[in-house]
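Taking it in order: structure first as structure tokens, then the write-up.
Read the figures in this text as sums done on the coordinates, not as results from a lab. These figures come from a predicted structure and were not determined experimentally. Methodologically, a virtual Cβ is constructed for each residue, glycine included, from the backbone with ideal geometry; neighbour enumeration extends over all protein chains shown.
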Amino acid sequence: MMKKQFFSLAIVTVASLNVALGQQGGTVTTPINNWSYVGHSSTAAEGLLRGQAVALQAIGQANYLHSLAAVNYQEANKRALENSKLYTQVVIEKREMIKQHRDRYASVPLTREQLDRIAANSVPDRLTPEQVDQSSGKLVWPHILRMDEYKAVRDRIDELFVSRTPENSGNGSPVQRELDTLIDAMRAILKANSDKVSVSQFADANWFLVTLDYEVKFSLAEPTVSVPAVAEIDTSASDLKVIN
């Protein structure tokens with residue numbers, strides 16, 4: 001009875017190992033089944049010899065399975081290294097693809113000429129003759145900025161603007177700095193009253209203040225002195241008198 005249990009246990013163990021190896025995709029061996037038609041030894045000597053044979057066969061089978069396990073371990077390690085290599089290649093290729101995509105669709109940097117053109121176009125214009133009275137030098141305010149809300153600030157700006165001289169004007173001068181503060185105050189009033197004017201009216205008034213702020217950064221030019229023309233002297237021979 002014990003002999004039959006031993007054989008059954010050996011068969012089940014070997015079969016389980018083969019099933020496990022088959023699931024892992026490794027090398028699979030066929031189990032060795034020892035049985036007889038009788039199911040038991042006919043004599044004690046046969047039983048002894050059969051037991052010794054089975055024990056030796058079990059040792060050989062164990063060594064064989066150990067070798068298969070070693071082969072499967074090496075195969076698993078090889079596949080792990082291949083997977084690691086493939087992962088590294090995929091990461092590198094992905095980075096290259098991202099770089100190529102960014103390079104293809106990245107915005108083209110502007111040239112020096114384009115930057116200079118943009119800078120020139122962003123600079124506001126100076127006051128035009130329609131914005132400054134040429135005879136009196138007074139500002140011609142847009143209608144929106146002539147409203148009573150702006151009167152106090154507007155009067156002070158007018159006073160400073162007409163009082164400019166080549167000596168007290170220009171960027172950083174006391175007059176320019178006070179005008180800059182007053183212009184900012186007028187911008188704040190305009191923004192606070194933006195709901196009372198149209199979009200175009202607000203834009204025109206605001207652009208006038210931008211232009212005015214840019215204008216007062218320039219020094220007032222020296223007045224041009226007109227030199228009267230010298231009358232030409234006729235030196236023709238007919239008009240000359242000889243004094244003796």
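Which order do Trp207, Trp141 fall in if you start with the one that has the fewest other Cβ atoms within 10 Å? Can you show the working numbers first?
Details: Trp207 13, Trp141 19.
Lowest to highest Cβ neighbour count: Trp207, Trp141.
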Checklist entry - What list of ³J(HN,Hα) values in whole Hz, one per residue of the stretch 126-141 in order, does the Karplus curve 6.51 cos²θ - 1.76 cosθ + 1.60 (θ = phi - 60°) give from phi, with Gly and Pro shown as x? => result 7, 4, 8, x, 6, 9, 10, 5, 5, 7, 9, x, 7, 6, 9, 6
Next on the checklist: What are the ³J(HN,Hα) couplings of the stretch 201-209, residue after residue, when phi is run through the Karplus curve with 6.51, -1.76, 1.60 and θ = phi - 60°? Round to Hz, x for glycine and proline.
Outcome noted: 5, 4, 5, 5, 5, 5, 5, 4, 5
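Among the trypsin sites (Lys or Arg not before Pro) within the stretch 92-154, which fall in a DSSP loop and have no more than 14 other Cβ atoms within 10 Å of their own Cβ?
On the way: sites: Lys94, Arg95, Lys99, Arg102, Arg104, Arg112, Arg117, Arg126, Lys138, Arg146, Lys151, Arg154; in loops: Arg126, Lys138.
Answer in residue order: Arg126, Lys138.
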Checklist entry - If the cut-off is 15 Å between C-alpha atoms, which aspartates and glutamates fall inside it for Lys217, apart from same-chain ones fewer than 8 positions away? => result Asp125, Glu167, Glu178, Asp180, Asp184
